[in-house]
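Everything on this sheet refers to the single structure shown next.
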Amino acid sequence: SESITVGELAKRMGVKATDLIRVLMKQGMMVTINHPLDVDTAAILAADFGYEIENVAIDLEEIVEAAPDAPESLEERPPVVTIMGHVDHGKTSLLDAIREANVIAGEAGGITQHIGAYDVERNGRKITFLDTPGHEAFTAMRARGAKVTDIVILVVAADDGVMPQTREAINHSKAAGVPIIVAINKIDKPDSKPDRVKQELTEFGLQSSDWGGDTTMVEVSAKKRLNLEELLEMILLQADVMELKANPNKQAKGTIVEAKLDKGRGPVATVLVQEGTLKLGDYCVVGVHSGRVRAMQNDRGEKVLEAGPAMPVEVIGLSGVPDAGDVFVAMKDEKQAKEIATLRQIKQREMELAKHSKLSLDDLYKKI
Ligand code: GDP
Ligand code: MG
């Protein structure tokens, strides 16, 4: 790949090579004048000296903010669902029950993988579940500007009723403008009181449709697998009302749901594709990282060659580990992907430096 020596970079910037070497030493790099620097390090160094590298002068937002899709290019896509609710009300159990039922109904002996999201099928239609129960993930993603959830399933235990985190979940969903379907769980328990839950929820503006309101509430038992099909049915009905659509015939754009560093495979990220179709071999930019999609698999551990709107896939081939909520943009051009990532690194570094110098200024005032 491209590189430039320390001496050459110093010359181009019009600074002494020894000054450059001193800066590198401070960062823990012991180098000589003939040491080659990769493009990223060179760009960061140049930025430290107040320079911009010529070929990274790309307007980022222009690339990210592509033209809106023509209405005729839009096709129906699956809904993306997040399960929220108070601790111990059964979020994990419900997700597991839905998934297991689906895996059993599908390919026999399918091995499920934890990739942070999965899709299930109901009457030939798909539903994507984000496997990140709890509103922390939801709020964290929203705070980063990522809108991934179409529908919230609010789980309320019928033997416990509305609790603090139930209330928070309702507030978060409302603030995000995401419709709620209530799953009243644990109805197998002898002390369950689903009607009391419905009564309590009316105080939060959620009135059950069988009480003349417009909120769908399904009484379920994750443990006994009761009414799970009905819940899926209601999700699809809600999706129909929302007319969820996306253009599958363009470069993919999506959001990182989960990412980690795998010992053998390097950075591994689950991408929820939101527009376009992600294909094996695509180049991409994700936050401050770039990469190439070298392998993709679904939550059943199956290799996939492409992923369309609302499909979650685990992607291998990124230069680093992105954060949940980072935007993923696929690109045709490797050079462009790298340049954008480098530019973002520089910007991030500038912001960190600005924060740092502001801090020390504050410290200074404190001392006075
Ligand atoms: P989470 O904290 O919301 O993810 O809740 P969990 O799924 O971990 O469930 C908390 C507890 O409730 C566990 O002991 C589950 O076995 C139990 N539980 C979950 N769903 C049901 C249900 O439908 N019926 C009964 N009786 N117990 C349930
Ligand atoms: Mg849980």
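The values are calculated or read from the model by the stated rules, or taken from the named source; none is laboratory data. Just so it is clear, the structure is predicted and the values come from calculations on it, not from any experiment. Cβ atoms come from the backbone with ideal geometry, glycine included; neighbour counts cover every protein chain shown. Accessible surface is based on the protein model in full, side chains and every heavy atom, while ligands, DNA and RNA are left aside. Shrake-Rupley method; radii C 1.70, N 1.55, O 1.52, S 1.80 Å.
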Fully extended, how many nm does the chain gain between K16 and E203 (0.36 nm per residue separation, minus their Cα-Cα distance)?
60.3 nm
Over what distance in Å are the Cα centres of segment 150-176 and segment 180-195 separated?
13 Å
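Determine, from the Cβ-Cβ distance of L74 and F49 and an R0 of 41 Å, the FRET efficiency 1/(1 + (r/R0)^6), rounded to the nearest 0.05.
Values: r = 48 Å, r/R0 = 1.16.
That gives a FRET efficiency of 0.30.
Would you please give the FRET efficiency between V23 and Q113, computed as 1/(1 + (r/R0)^6) with r the Cβ-Cβ distance and R0 = 35 Å, to the nearest 0.05? Write down the numbers at each step before the final one.
Values: r = 44 Å, r/R0 = 1.25.
Computed FRET efficiency for V23 and Q113: 0.20.
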Modelled label-to-label distance, R196 and E168, 7 Å Cα→beta-carbon offset: nm?
2.4 nm
By the scheme Lys and Arg +1, Asp and Glu -1, what is the net charge of all other residues having a beta-carbon under 10 Å from that of G116?
-3
What is the local net charge at E72, summed over the other residues whose Cβ is closer than 14 Å to its Cβ (Lys, Arg +1; Asp, Glu -1)?
-1
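With all protein chains present, how much of the accessible area of segment 176-291 (probe radius 1.4 Å) comes from carbon and sulfur, to the nearest whole percent?
Details: 2550 of 5270 Å².
Carbon-and-sulfur percentage of accessible area, whole number: 48.
Expressed in nm to one decimal, what extension gain is obtained for the pair R349 and I33 from 0.36 nm per residue of sequence separation less their Cα-Cα distance? Could the numbers behind the result be given before it?
Working: separation 316, 0.36 × 316 = 113.76 nm, distance 2.44 nm.
Extra length available between R349 and I33 comes to 111.3 nm.
Residue separation times 0.36 nm, minus the C-alpha to C-alpha distance between D262 and D96: what's the value? If you can, show how the numbers build up before the last one.
Values: separation 166, 0.36 × 166 = 59.76 nm, distance 2.43 nm.
So the extension gain works out to 57.3 nm.
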Taking the Cβ of P164 as the centre, find all other residues whose Cβ is under 13 Å away and add up their charges (Lys, Arg: +1; Asp, Glu: -1).
-3
In nm, the gap between the two label points placed 7 Å beyond Cα toward Cβ at E233 and S3 is 6.4 nm
D_trans [Stokes-Einstein, Kirkwood Rh over alpha-carbon pairs] for segment 302-358, 20 °C, 1.002 mPa s, µm² s⁻¹:
152 µm²/s
For the pair R300/K245, report the inter-label distance in nm, with labels modelled 7 Å from Cα in the Cβ direction.
3.0 nm
